[in-house]
Amino acid sequence: MTTVRTPPPLELPVRDKGVDPVGAVSPMLSRLAAERATGVLVRERGVLYLCDGDVVHAESPATPSLDVLLTARGVVEAEAWREAVAEAGARRRVGRFLVERGRIAEGALELCHLGALYDAAYFVLGPSSTPARFRYGAAHWLGPVRPVPVAALERETVRRRQLLHRLWPDPATDSAPLARSRRACEPSVPLRQWAVLGRVDGLRTASDISLALGRPAFHTLVDVRRLAAAGVLTAANPPERAPVPTVLTQSSADPDVALLRRLRDALEAL
């Protein structure tokens, strides 16, 4: 009798449900890129400005704005920024104005702008509980600096999600107030992370700390997840709620219920 051995079935790859594949980050954004749309995409956590289907600017309340990043690092003086907005904002040429007046080199502006764009776009393209909408024809007052293809933006967004997941898979520390863990001693951490840890007070979130430091918010998330993985900080516990009074279901003729009501009426009369 001949025995026939069959090879074991191939193992199929399992998709990581926590990370969206490229092209599925925002189907609406992909459609706008395909039609080479110009305008502003409004989502729950910020906006993306498009020109001919490319992303030219991004803003999110979760991240420091471009002017904060430039002035905090001393790249542009705060007064020079205000002058540029006042003189060229209505013409949507603030970036060009800064370069032409010698306030910043063109390469430095492009580099800082790309960093701010990718930083804000990461949060704008995050999970949303409200529908997105697009307003055709809208343009940002900064003006064109360096357009980014939608495909490149989606790849970078997915890469950042995967990086954070590898560092520490619990996303609670991304948006919750942060608190130091109760430890007898804290491990040694790099100076950059100490700057973040020094602003952890049980009230500030990672975005608050980014604004205080004048750093990109995603960079702060990386530091926060590493500190969480090291057991140095955690998401702060929400404040305890007062216990909900038990509803009395006895009849109003019950002596105990009648006594409670008389005591309540007496207290209200004081």
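No lab work stands behind these numbers, since they all come straight from the coordinates. All values reported here derive from a predicted model rather than from experimental measurement. All Cβ positions, even for glycine, are placed from backbone atoms using ideal geometry, and neighbour counts span all protein chains on display.
Which whole-angstrom value gives the distance between the alpha carbon centres of the range 54-91 and the range 98-113?
11 Å
When only alpha-carbon atoms count, how far does the range 103-227 stretch along each of its three principal axes, as whole angstroms with the largest first?
57, 40, 25
Taking only the alpha-carbon atoms of the range 27-165, what semi-axes of the equivalent ellipsoid follow from 5 times the gyration tensor eigenvalues under a square root, in whole Å, largest first?
Details: eigenvalues 131, 59, 34 Å².
Computed over the range 27-165, the values are 26, 17, 13 Å.
Arrange the following residues from fewest to most other Cβ atoms within 10 Å of their Cβ: S181, S175. The partial results should precede the final answer.
Values: S181 13, S175 16.
The order, fewest Cβ neighbours first, is S181, S175.
Over the range 27-165, calculate the relative contact order: mean separation of alpha carbon pairs under 8 Å at least 6 apart, over the residue count, as a percent.
Values: 218 pairs, mean separation 50.8, N = 139.
For the range 27-165, the relative contact order is 37 percent.
Classify the range 172-235 as rounded, prolate or oblate, taking a ≥ b ≥ c as the square roots of the eigenvalues of its Cα gyration tensor: rounded when a/c is under 1.5, otherwise prolate if a/b is larger than b/c and oblate if not. The partial results should precede the final answer.
Working: a/c = 1.68, a/b = 1.34, b/c = 1.25.
Prolate, since a/c reaches 1.5 and a/b exceeds b/c.
Could you work out the pair-distance distribution P(r) of the range 159-199 from its alpha-carbon pairs, with 10 angstrom bin width and percents rounded to whole numbers?
All Cα pairs, binned at 10 Å, distribute as 22, 46, 31, 1 percent.
Can you put E110, E59 in order, fewest other beta carbons within 10 Å first?
Values: E110 15, E59 22.
Result, fewest neighbours first: E110, E59.
Taking neighbour counts of Cβ atoms within 10 Å as a proxy for exposure, in what order, fewest first, do Y136, Y122, Y49 appear? Could the numbers behind the result be given before it?
On the way: Y136 10, Y122 26, Y49 21.
In increasing order of surrounding Cβ atoms, one gets Y136, Y49, Y122.
Starting from the Cα of E87, step 7 Å along the direction of its Cβ; do the same at L114; then give the gap between the two resulting points in nm.
2.7 nm
Provide, as a two-decimal number, the C-alpha radius of gyration of the range 67-109 over 2.2 N^0.38 Å, N being how many residues it has. It would help to have the intermediate numbers written out before the result.
Details: Rg = 9.4 Å, N = 43, 2.2 N^0.38 = 9.2 Å.
The reported ratio for this selection is 1.03.
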